[in-house]
Amino acid sequence: MDWAGGLTGPGYATQGNILVSEATVAALASTFVATTGRPLAERLLECLAAAQAAGGDRRGQQSAALLVVEHDGGYAALSDVLVDLRVDDHATPVPSSRVSTRCIPSSSVRRRGRTGSTSTTTCASSSSTVCGRSATTRSSSARSGDWAGTENLEERIDGVERIDPVVLAELRAR
């Protein structure tokens, strides 16, 4: 192999073999540092793109994968998995992965133990705006429950009195 090695820094370690050059891991490391403050999955996908742009694997491209876990961060009580992306047998797998993360709204991941309380009036008025497609004679609670089920957010909403802050922000944005 012409080059194999790695770099480490605060909060990261990157290494590789069968790479075009050291520039591949250097691009990955510098991108990780430059994207501090952004969600980890986004940072890692930017790192993969930078590493590929710097030369990547000597053999070319074929697949990419990203798995991000956080204790009690997964959906419902099923797992700790926040993001699990995989692109197999594709000419440009990293750009495909980058598109995939834009399709995952932040509210699709339930963060157990972080469901916040807000006032009934605030939640009711916010959820009524989005959930108002249901019959107006039904209660705000019933409409928000229907909407939450359709949007796969039932783990983040408990009527109109308890609603996850991430979901509330999305409701207000609509």
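The values are calculated or read from the model by the stated rules, or taken from the named source; none is laboratory data. Since the model is a prediction, treat every value here as computed from it, not as a measurement. Positions of Cβ are backbone-derived with ideal geometry, glycine not excepted, and every protein chain shown enters the neighbour counts.
Against the definition (of a type in the set (Ser, Thr, Tyr) and more than 20 Å from the chain's Cα centre (by Cα)), how does THR35 come out, yes or no? The answer is no for THR35.
Among residues of the stretch 34-55 that are farther than 15 Å from TYR12 by Cβ, those with a beta-carbon under 8 Å from a residue that is assigned to a helix (DSSP H, G or I) and among the charged types (D, E, K, R) at least six positions away or on a different chain give the pairs ALA49/ARG98.
Where helices (runs of 4 or more DSSP H) fall entirely within the stretch 3-117, those with at least 1 residues that are modelled with pLDDT under 85 and among the small types (Gly, Ala, Ser) are at 93-102.
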